[in-house]
1. Per-residue counts of other Cβ atoms within 10 Å, averaged by peptide: what ranking do you get for 66-73, 26-33, 40-47, highest first?
2. Around Glu73, under 12 Å between beta carbons, what's the net of Lys plus Arg minus Asp minus Glu among the other residues?
3. Could you report the accessible area of Tyr98 in Å², rounded to 10, computed with a 1.4 Å probe on the protein chains as they sit in the structure?
4. Under 8 Å for C-alpha pairs, at least 6 residues apart: give me the relative contact order for the chain, rounded to a whole percent.
5. On the full set of protein chains, 1.4 Å probe, figure out the accessible area of Val111 and give it in Å² to the nearest 10.
6. Would you tell me the accessible area of Phe52, worked out with a 1.4 angstrom probe on the heavy atoms of the protein chains, in Å² to the nearest 10?
7. Using every pair of alpha-carbon atoms in the chain, split the distances into 10 Å bins beginning at 0 and state the percent of pairs per bin, rounded to integers.
8. Explain nothing, just the number: dipole magnitude of segment 5-119 about its Cα centre with +1 on each Lys and Arg Cβ and -1 on each Asp and Glu Cβ, in debye rounded to the nearest 20.
Amino acid sequence: MSDEQAIGTVVHLYVDGMAFCNEAALRKAFHPDAKIIGNYQGAVEWMSRDEFIAAILAEPPATPGTQPLLDIEITDIEGDAAFVKVTDEFAGMRFTDYLSFLKIGGHWVIVNKLYHLHG
């Protein structure tokens, strides 16, 4: 599997984890020290991975069989670092996410998520 394919797999794990409130998938996609940052409802939001997962799990999951919106717009890889721009939806809201990846022990993980909530 190429690095781009491996990163795409993690992006799918992340989006499916959000859509279906799958804690195990989200924990696998994100590094334990990952940060999630963006403007949400008029305030800057800084969350740890665990705070982010708790926020996801507080929402109802998508109906089984639903195909979550996932549009990977950019993937840029340089050695063991990568960046992905993806548009997705969660809880009826559309986001553009800028995901920073690091290859650790041969596996790609999200180390940072900077998001924009579309109005």
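The values are calculated or read from the model by the stated rules, or taken from the named source; none is laboratory data. Note that the coordinates shown come from a computational prediction; the quantities given were computed from them, not determined experimentally. Here the Cβ positions follow ideal geometry from the backbone for every residue, glycine too, while neighbour counts run over all protein chains shown. The area values use the complete protein model at the heavy-atom level, side chains included, leaving out ligands, DNA and RNA. Shrake-Rupley method; radii C 1.70, N 1.55, O 1.52, S 1.80 Å.
1. 26-33, 66-73, 40-47
2. -3
3. Here the residue's solvent-accessible area equals roughly 80 Å².
4. Over the chain, the number comes to 26 percent.
5. Val111 exposes around 50 Å² with every protein chain in place.
6. We get 10 Å² for Phe52.
7. 14, 50, 32, 5, 0
8. So the dipole magnitude of segment 5-119 works out to roughly 120 debye.
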